[in-house]
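Where a number appears in this text, it was derived from the coordinates with a stated rule and is not lab data. No experiment lies behind these values; they were computed from the predicted model shown. We place every Cβ from the backbone using ideal geometry, glycine too, and count neighbours over all the protein chains shown.
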Amino acid sequence: MNRRHLLACISAAMTVGLHGAAQAQNMPSDLPAGKPYRIIAPSSPGGILDITSRLIAKSLGERIHQPVIVENHPGAGGAIGIQAMLRAEPDGRTLVMGSLGPNAANYELQKKLPYTFGDMTAVIHVLSMPDVVVVNPRLSVKSVADLKQYASTKPDGLSMAVSTSGSSGHLAGALLNQRTGIRSVDVIYKGASPALTDLIAGQVDYMVDNLITALPLIRGGKIRPIAVTTRERSSELPDVPTLVELGYPDFDVSVWLGLFVSSKTPPAVVKALNAELNTVLADPDVRKTIAQQGGAAVGGSPQDFERFVQREKDRWTEVIRVGKIQSD
């Protein structure tokens, strides 16, 4: 190796070393550096968990100057994704995007879970948004009343697509059936994309889905919305009534997502992650993207989110027991 080549190699090595040192200096002091971070989406690509995980990963990676990778681990009502997070080193580098099913409802829905409520620590409440009741537009169903009438003509009941067992859509759909008297058979999928594909194709009759995944198809005329599940109308679907307006006063179901880590993660790391993620959720571009998808960014402390999840767990345990709702 000649002298010029040797000096070039030394210079390149010093540049890489300085770049790495600069990244480490830009990292919050309580967050581990040097290896990629992971956000596990316990669903197939294309659903709300996946879309939101990718949005947060991009912005978080820019803030902490480390790669943040999204991994999809669908199946078992979110349990497979949570197990993947729990198997990782509890250093804060591996998070899971949690939701109503795997982090609140499944404790009652599933007889045996490979994790407990105490195995996870809440980091931050990411977003909240409505579910929407949608049907195939080829059906002559333009309202909840029409859906009830249509169901009355089907002795074997309707088919209701369920994106994931125990999801907010699953539970909101079960509540809708209880309140309206609609009889249906649950057709359970491993994510919103395959469920919506079958709804568009007419393989199933209706579905209660997250607004974030349903909205593009609604705008494209592929599916028809007939009601939203929250107490207030959605700004993205101002002409679609709420179920409260339609005579079901206690019907108020929101989709929520939040990030969790192993309960073995050091508290200082959880606090540092929360601070960085609050900054991510305060970013105008992130908030605008979430709003355009029909949701609202939330944020707050880990303690706020922990209390919220506990309330949701208590609420849906009662609903599931009263309604005798079954998972897959």
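So the values come out like this:
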quantity: ³J(HN,Hα), Karplus 6.51/-1.76/1.60, whole Hz, each residue of region 186-196, x for Gly, Pro; calculated: 6, 10, 9, 10, 10, x, 6, 4, x, 5, 5
quantity: For region 130-228, with +1 on Lys and Arg beta carbons and -1 on Asp and Glu, the positive-most of VAL187, SER143, ALA172 along the dipole; calculated: SER143
quantity: Helix-derived mean residue ellipticity, 222 nm - over the chain, DSSP H n ≥ 4, -39500 (n - 2.57), to 500; calculated: -13500 deg cm²/dmol
quantity: For ARG233, ARG224, ARG307, order by how many other beta-carbon atoms lie within 10 Å, fewest first; calculated: ARG307, ARG233, ARG224
quantity: Neighbour-count order for HIS73, HIS65, HIS170, fewest beta carbons within 10 angstrom listed first; calculated: HIS65, HIS73, HIS170
quantity: Fraction of beta bridges assigned by DSSP in the chain that are antiparallel (%, nearest 5); calculated: 60 percent
quantity: Separation of the VAL322 and ASP198 label points, Cα + 7 Å toward Cβ, nm; calculated: 2.9 nm
quantity: Kirkwood Rh, angstrom, region 130-228 [1 / mean 1/r, Cα pairs]; calculated: 12.9 Å
quantity: 20 °C / 1.002 mPa s Stokes-Einstein diffusion coefficient of the chain, Kirkwood radius on C-alpha pairs, µm²/s; calculated: 103 µm²/s
quantity: Among the listed pairs LYS111/LYS324; LYS142/LYS324; LYS190/LYS324; LYS112/LYS264; LYS148/LYS190; LYS148/LYS313, those beyond 18 Å (Cα-Cα); calculated: LYS142/LYS324; LYS190/LYS324; LYS112/LYS264; LYS148/LYS190; LYS148/LYS313
quantity: Computed label-point distance, nm, for sites LYS112 and ALA291 using a 7 Å Cα→Cβ extension; calculated: 4.8 nm
quantity: Efficiency of FRET between SER29 and ARG138 - r from beta-carbon atoms, R0 56 angstrom, step 0.05; calculated: 0.45
quantity: Calculated from backbone phi, Karplus (6.51, -1.76, 1.60) coupling profile of region 75-84 in Hz, x at Gly/Pro; calculated: x, 6, x, x, 5, 5, x, 5, 4, 4
quantity: Distance from region 163-211 to region 255-270 (C-alpha centre basis), Å; calculated: 29 Å
quantity: Simple Cβ-charge dipole of the chain, Lys/Arg +1 and Asp/Glu -1, about Cα centre, in debye nearest 20; calculated: 580 debye
quantity: Gained length - ASP119 relative to ASP283, 0.36 nm times residue gap less alpha-carbon distance; calculated: 56.0 nm
quantity: Gap separating the Cα centres of region 44-66 and region 108-141, nearest whole Å; calculated: 18 Å
quantity: Linear extension gain, ARG315 paired with LYS148, 0.36 nm per residue minus alpha-carbon span; calculated: 57.5 nm
quantity: Helix axis angle, 302-323 relative to the chain longest principal axis, alpha carbon, degrees; calculated: 30 degrees
quantity: Stretch gain in nm, segment ALA275-SER263, where the contour uses 0.36 nm per residue and the Cα spacing is subtracted; calculated: 2.5 nm
